[in-house]
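The structure under discussion appears below in the form of structure tokens.
The values are calculated or read from the model by the stated rules, or taken from the named source; none is laboratory data. Remember, predicted model here, so these are calculated numbers, not experimental data. Here the Cβ positions follow ideal geometry from the backbone for every residue, glycine too, while neighbour counts run over all protein chains shown. Just so you know, the surface numbers come from the protein's heavy atoms only, side chains and all, with ligands and any DNA or RNA stripped out. Shrake-Rupley method; radii C 1.70, N 1.55, O 1.52, S 1.80 Å.
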Amino acid sequence: MIQIEGLMLVGGLLVLVGTASSKFSSRFGVPLLLLFIGIGMLAGSEGIGGIRFSDYHVAHGIATLGLAVILFDGGLRTSLPEVRPAMAPGIVLATVGVLITAGTIGFAAKLLLDLPMLPGLLLGSIVASTDAAAVFAVVRGSGLNLPKRLAATLELESGLNDPMAIFLTIGLLEVLLNRMELGSGLVVLFLQQMVVGAVIGVVVGKLIVWVVNRIDLDAPGLYPVMILASAIFAFGAAGKLGGSGFLAVYLAGIMVGNARIAFERGVMLFMDGTAWLSQITMFVLLGLLSSPSRVLHVAVPAILVTVVLIFIARPLAVLVSLLPFRFKPRELTLISWAGLKGAVPIVLATYPLLVRYPQSDTLFDVVFFVVLLSTAVQTWTLPMLARRLGLDEAGRPMPPVALEITSVKHLGGDIVDYPVSAGSRVAGRRVRDLALPDDAVVAMIARGRRVVPPRGSTRIEVGDHVFFVVVPEVRPLVDRLFTQDDDDPADLPLDMEFPISGATTVADIEEFYGLTIDASSSKTLDEVLRLQLGSRLEKGRGVRLGNVKLRVREVVDGHVTQVGMEVVSEDAQP
């Protein structure tokens, strides 16, 4: 058997074992990082596989590519409307928080391990970042529903703090190797990394959207390939120009994920699978790099660093960074404990090895141990802590899933699957009684293994899946029908007009959407507008009633047949 066949055999087997073991992880709560790295260590030179692998250059290259794919996928799934309230705290925690964590670890390493300050700061910079995939794998796997601002802060921080940790690691290595001055050189490097990375990411992301929606490829399967290749191009371009490739791919993902693109559902499924493959390959490879004997040899200093990281450095960074943003003490506690580690610290620990920094082998083993120990300690206890702190908002329905008609490139609408939970506004209602916006139609109801044709008399039951054909403009309003009765109506986007039938009553609007209109609940929107506008009733005229603005969109025989409904802010002008 020639070498490439043996490599394919071993590689395929390791990926298969990693893929199959993910089911074991979700069932028994074992962190994926520990599972996949454990598989790599078992297959390594001291394990049952006996594979000898010590090429740090190859491991670094594959892991960097894997991280780029994972960050791009994370950006695709980052909703700007959802994370916007957490934008400021997330950015501060991802930058200032990483700096405080690195400084605290550096000072502790000097006191406890007798390391000089700069090597201690290098160690702190390497272990300072948190991992988005690890945090949300734990949250989703345990069924937690965190408050939106808290979840958005964790998501944004873990997506943006990798570039900061990488900058500190590279900058400190340059200083330690006498290639750069500690002061102004680091400031210039920081600005270059962040500005160039951000510009490349935004520009390439917008170009991806523009090209994908205008090019006519013969095979739909080529669209996700082209998008992934463009993301990798963004990473390489930013790196070549002196910027942060990781920041570039994350921002490019956000640009693409928050725009409508051709074959969007297929792209998301492809990227999900690619990110999983990257994660499995990367963790197994990093497991092959290490060995139990080397890790146990540094157990004492690594345990000391882990204790400082979990109980001092991370809480201090969270407290100082988020103090201006008025988080509750219990939220700060959970954010402090949710600083889960992933592949980034282990990948960063290969940087000193690549430049042959003294004692880099020991540094790698310490970081490896710290990541494994902190993950093991925090992952199993995070769900329990969230529930103990009262931060589990139980009962929130599953998010709707958009389907796709792959034979049509630009449909201009979506087929959306809405699961019906016990607290949903539509549970127990007949289809004809729903105050649906125009351009939203119930196409099918799935009940167990049966398909229920949607007639006006059909009653929607808990556990059903209701399939809508809906245009993007009214999606937020239809989403609202399937949320909880006590959800805040402020969740609806402001200053966005939704088309509603004039025959809809005020009571229907208040009941199904949680809005309050300053008018008689028994009147229809047509009657309200005719009463309010009188002789001024004509297309385009409107009236504000509380936090809702109604505008005439269509008049037939003196009656308003279609109304534009807009949710406005408290301080908006009438």
I need every pair where a residue in the stretch 370-383 that is over 19 Å from HIS297 (Cα atoms) has its Cβ under 9 Å from the Cβ of a residue that is polar (S, T, N, Q) and part of a helix (DSSP H, G or I), sequence separation at least 6 or different chains.
VAL377/THR306
Condition (residue is of a type in the set (Phe, Trp, Tyr), under 18 Å from THR95 (Cβ atoms) and open to solvent by 10 Å² or more (accessible area, probe 1.4 Å)) applied to the stretch 332-350: is it met by at least one residue?
no
Subset of the stretch 309-331 (residues that are buried (at least 22 other Cβ atoms within 10 Å of the Cβ) and either among the aliphatic types (A, V, I, L, M) or in contact with a Phe, Trp or Tyr (Cβ under 6 Å, 6 or more places away or on another chain) (or both))
LEU309, ALA313, ALA317, VAL318, LEU322
Which residue is modelled with the highest pLDDT, if the candidates are limited to the stretch 258-268 and must be touching an Asp or Glu at 6+ places or on another chain (Cβ under 9 Å) and in a helix (DSSP H, G or I)?
MET268
Would you call MET271 farther than 30 Å from THR333 by Cβ and touching an Asp or Glu at 6+ places or on another chain (Cβ under 6 Å)?
yes
Selection from the stretch 447-464 of residues that are open to solvent by less than 40 Å² (accessible area, probe 1.4 Å) and closer than 14 Å to ASP433 by Cβ:
GLY456, THR458, ILE460
Restricting the stretch 219-250 to residues that are open to solvent by 50 Å² or more (accessible area, probe 1.4 Å) and of a type in the set (Val, Ile, Thr), the residue that is farthest from the chain's Cα centre (by Cα):
VAL225
Among PRO85, PRO116, which is the only one that is surrounded by fewer than 16 Cβ atoms within 10 Å (Cβ to Cβ) and at pLDDT below 85?
PRO85
Scope the stretch 498-521; condition open to solvent by 60 Å² or more (accessible area, probe 1.4 Å), modelled with pLDDT of 85 or more and over 14 Å from LEU545 (Cβ atoms); matching residues
ALA503
Test: GLY197 is open to solvent by less than 40 Å² (accessible area, probe 1.4 Å) and not in a loop (DSSP other than H, G, I, E, B)
yes
Only residues that are under 18 Å from PRO345 (Cβ atoms) and not in a helix (DSSP H, G or I): list them for the stretch 162-182, please.
none
Looking at (1) out of contact with any Ser or Thr (no Cβ under 8 Å at 6 or more places or on another chain); (2) surrounded by fewer than 17 Cβ atoms within 10 Å (Cβ to Cβ), which is the only condition GLY266 fails?
(1)
Return a yes/no flag: does the stretch 205-218 have any residue that is within 24 Å of GLU82 (Cβ to Cβ), open to solvent by 60 Å² or more (accessible area, probe 1.4 Å) and not aromatic (Phe, Trp, Tyr).
yes
If I ask for residues that are over 21 Å from LEU113 (Cβ atoms), assigned to a helix (DSSP H, G or I), touching a residue at least 60 places away in the same chain (Cβ under 8 Å) and out of contact with any Pro (no Cβ under 9 Å at 6 or more places or on another chain), which ones from the stretch 290-334 would you list?
PRO292, VAL318, VAL320, ARG330, LEU334
Tally up the residues in the stretch 59-82 that are open to solvent by 40 Å² or more (accessible area, probe 1.4 Å) and closer than 13 Å to LEU154 by Cβ, please.
1
Expected single match for without any contact (Cβ under 8 Å) to a residue 40 or more places away in the chain, in a helix (DSSP H, G or I) and under 18 Å from ASP162 (Cβ atoms) among GLY185, GLY239 is GLY239
Would you check which residues across the stretch 89-113 are crowded, with 24+ Cβ neighbours inside 10 Å and of a type in the set (Ser, Thr, Tyr) and list them?
THR101
Go through the residues of the stretch 526-547 one by one and say whether even a single one is modelled with pLDDT of 80 or more, surrounded by 18 or more Cβ atoms within 10 Å (Cβ to Cβ), within 28 Å of VAL420 (Cα to Cα) and among the hydrophobic types (A, V, I, L, M, F, W, C).
no
Check GLY273, GLY287 and return the single one that is under 18 Å from ALA134 (Cα atoms) and either free of Cβ contacts under 8 Å to residues at least 60 places away in the same chain or not in a helix (DSSP H, G or I) (or both).
GLY273
Specify the residue that is nearest to TYR513 (Cα to Cα); the eligible residues are those in the stretch 557-568 that are at pLDDT below 90 and open to solvent by 30 Å² or more (accessible area, probe 1.4 Å).
GLU566
